[in-house]
Amino acid sequence: MKRANQLLIILGIACLAACVDKVDPEVKTFYIQPNGKDTLNNHALSIFYDLYSNTEKNRDYYEVISKADFIINYYPAGKLLTICYDNGSGWGEQYKNVDEAALRRIADLKIKLNDLTQYVSEDNVIDHTESFINIKSNGKPNGILY
């Protein structure tokens, strides 16, 4: 009986642990508070660049998450920038050939998050990926726990 109780306790702890959001240690995540969706989206890329450029570069991925608004995820080694425009709707766009100089240029030009696709087609320095490349994120772009 005592052993059965111990097994039930261990099983209960394992179930609770499975329900807790997992944080990927390879991803440096900055959480920012929404302060008006339009205002935040207008400055999201500049905010991301400021946070990214002022952090220690010791992770594989860097992202900014604004709860219920957007996720900006950057994978420097792969030069990938991935955007979720609206949490719950999945990843929106993914761009390749994005190095730190391109990030700085986007921030300096104060390009709005929703205008990034237009900038890409005009600039031709960065471009859309041909097919989506899986990335690591601590966000939930589909609104689904994974």
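Could you check the spin-label model distance between ASN97 and GLU130? Points 7 Å from the Cα along Cα→Cβ, value in nm.
Roughly 1.4 nm, to one decimal.
Taking a ≥ b ≥ c as the square roots of the Cα gyration tensor eigenvalues, with a/c under 1.5 meaning rounded and otherwise prolate when a/b beats b/c, else oblate, which class fits segment 27-128? It would help to have the intermediate numbers written out before the result.
Numbers: a/c = 1.38, a/b = 1.09, b/c = 1.27.
Taking the square roots of the gyration eigenvalues as a ≥ b ≥ c, segment 27-128 is rounded.
So what does PHE30 come to for accessible area, using a 1.4 Å probe and Å² rounded to 10?
PHE30 has an accessible surface of roughly 40 Å² with all protein chains in place.
List the relative contact order of segment 47-146 as a percent without decimals, with contacts defined as Cα pairs under 8 Å and 6+ residues apart.
Values: 141 pairs, mean separation 25.2, N = 100.
With pairs under 8 Å counted, the relative contact order is 25 percent.
Nearest 20 debye, what's the magnitude of the dipole of segment 25-112 about its Cα centre given +1 on Lys and Arg Cβ and -1 on Asp and Glu Cβ?
Details: 11 positive and 12 negative charges, 25 e Å.
It comes to approximately 120 debye.
Which of LYS28/LYS79; LYS57/LYS112; LYS110/LYS136; LYS67/LYS96 have a Cα-Cα distance over 23 Å? Let's see the in-between values first.
On the way: LYS28/LYS79 16 Å; LYS57/LYS112 25 Å; LYS110/LYS136 26 Å; LYS67/LYS96 25 Å.
Long pairs (Cα-Cα over 23 Å): LYS57/LYS112; LYS110/LYS136; LYS67/LYS96.
The values are calculated or read from the model by the stated rules, or taken from the named source; none is laboratory data. All values reported here derive from a predicted model rather than from experimental measurement. With ideal geometry, Cβ positions are generated from the backbone for all residues, glycine too; neighbour counts draw on all protein chains shown. Just so you know, the surface numbers come from the protein's heavy atoms only, side chains and all, with ligands and any DNA or RNA stripped out. Shrake-Rupley method; radii C 1.70, N 1.55, O 1.52, S 1.80 Å.
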